[in-house]
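First comes the structure, then the notes that go with it.
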Amino acid sequence: MSHGVMAPDTVALDLPELGKGRHTARLSLIGVIATFGGLLFGYDTGVLNGALPYIADYFRLSPLQEGLVTFSLLMGATLGALVSGRIADRIGRRATITGLGALFFVGALGCVVAPTYHILIAFRVVLGLAVGGASVTVPVYLSEVAPTEQRGSMIGRNDIMIVSGQFLAFLFNAIIGNLLGDSDSVWRLMLAVALLPAIVLFVGMRRMPESPRWLMAQGRSAEALQVLRTVRSEERAQAEMEEVRALTKIDAVARSTGWRDLLAEPWLVRLLFVGMGLAALAQLTGINSVMYYGTQVLEQAGFTRNTALIFNVLNGVISIVAMLIGVAVVNRVNRRTMLILGFGCVTALHVFIGVTGIVLPIDNPIRPYLLTIGMLGFLGFVQGTITLVGWIVMSEIFPLRVRRLMIGASVAVLWLTNALISLVFPPVVQALDFATFLLFGGCCLFGVIFTARWLPETRGRSLESIEAELATGGTRA
C-alpha cells in the first residue's frame, strides 16, 4: 500500500486559465524531481522482497530476525512520518525533501556496506526515517506547488511513482538474482541500486523552488509571488496569491486546534476510530506481506528462487495497472461500493490461496501457478480499490479543523500495523504455511462488515455537507 497524504483544501476562487508556456515545463520538472522521493519510498520498501532470502542466508537469520529487517525500516518510517511534518513546517518543504535525499543515500549506503546484522538493522531504521518523511512531505510539497486543476493528478503521480519504485525493485532483483545469484554479496548490489535516485533527489531538489504556501506562512509574500511566476502565467500568479493567502489562514485555524478539542466531541472520536480502523484494515489485507515477502511466498508455492524472482516482477506490473484502472473509475463509482467490492473479492482470493496451498501437495506442477494467479488477483483488487479509495475517503470524512490530527493518527496506525504484520509474517508462515492467508481472509471479511456498517458515503458530496451529517449523527459513523 502506498502511504500518501491528502492534499490541503482548496478555496473557490475565479482564477484565470492556467495556459501553457515555460511555466508548464517548469511545473512538470518539479513533478518529476520531487516524486523521486516516492520512487525511493517504493524501491526501498520493495527491494527486500528479493534481497531478504540472500540476506537471511548470508547472516544465517531465523524467521523472526528476517521479520526484524523489514520491521526496523517500518518503525523508522513511523517516526519519520510523525516528525517530518513539523520539520517541514519549520525549515520548509524543499529543504526537508533535500535532506531526505541525503538520508536516503546514507541509509542505503550503510545497508550496502553493513558488515553485521545489527549494523544492517541500524541503517534500515535510518532508511525508514527517510521513507516515512517522504510519505508525508512529498505529497504536501506537490499539492502546494501545483495549480488547483492539477493537484489531484500531481499527488496521484507520486502514488504511481511509489508502485513504480516497487516494480523496479522487483525487476532489478530478478535481473541481479538470476545473473549473480551465486555471489554471497548479491543482496548488496540489489540495495545499492537505490543510491542513484537518492543522488537525483538530493541534487534535483536543490534547484527546485520552495512551496509558495510555506513562504506565505512565513510572511515572505514577495518570494511566494516570485515562485508562482515560475510555475504559472503572470496573470494567474497574481490571482492565485489570493488563494494562497486564504489557505494560509485556514492552516492557522487548523493548527490552533488540539487533541483536547477533538476528544471533547463524541462524534469526532467515533469518526477518528473509523479512520484508524480503515487504515488498519488496509494493512490487514496482507498487501505488504506480499510486497515485502512475495519471493519467499512463491518459493513456498513450489518455484525455484530464480523463477520466483522473475514471477515476482508481475506483482509490480499488476500493482501499476490496477492503480491506473482505479484512478480511471474512482470518480464514477461510490466509495463504499468500491471498498466493499475490494474487501469481498480479496476475502474470496485469500480463501482460494489458502485452500490451494493446503490441499495441493508441493510437488503438484500446477500448484505454484494457481497460487500465483491468486496472489496477482489479490494484489490487483487491493491496489485498485482498497489502497486507492482508503486515502480518498480519509481526505473527505475528516473535518478541516481537526484534519491534521486525525490524518496523523491514522497514518501512525497504518505504519504500526504494517510494521507488526511484517515482523510476525515470517514466523507465522513458517508455523501455518498457506493457512496464514485464511487469517488475512478473515480480516478482509470484517472489512466488508466495517465498511457496510460504519463508513459514510462521500462521493459527489461537499465536505461541508458530510461534516454536517456526521455532526448530527445521521450516518453510520
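Please treat every number below as a calculation from the coordinates, not as lab data. Because the structure is predicted, anything quoted here is derived from the model rather than measured. FYI the Cβ positions are ideal-geometry reconstructions off the backbone, even for glycines, and counts take in every protein chain you see.
Using the Cβ-Cβ distance between residue 332 and residue 249 with R0 set to 45 Å, the FRET efficiency works out to roughly 0.85. Modelled label positions at residue 325 and residue 148, each set 7 Å beyond Cα in the direction of Cβ, lie 3.4 nm from each other. Here the Debye sum runs over all C-alpha atoms of the chain as equal scatterers in vacuum, and log10 of I(q)/I(0) at q = 0.06, 0.09 Å⁻¹ comes out as -0.26, -0.59. Projecting label points 7 angstrom from Cα along Cα→Cβ for residue 28 and residue 454 puts them 4.5 nm apart.
When 24, 304, 372, 35 are arranged by Cβ crowding within 10 Å, least crowded first, meaning fewest neighbours, the order is 304, 24, 372, 35. What is the Cα centroid distance between region 110-132 and region 270-314, reported in whole angstrom? Distance between centres, Cα-based: 22 Å. Put in line by how crowded their Cβ is, counting other Cβ atoms within 10 Å and starting with the fewest, 118, 350 read 118, 350. Here's the picture: charge each Lys and Arg Cβ at +1 and each Asp and Glu Cβ at -1 in the chain, and of 428, 226, 52 the one pushed furthest to the positive end of that dipole is 226. Remark: the residue 364-residue 62 segment gains 105.9 nm on full extension, using 0.36 nm per residue and subtracting the alpha carbon distance. Fewest neighbouring Cβ atoms within 10 Å first, the residues 398, 172 line up as 172, 398.
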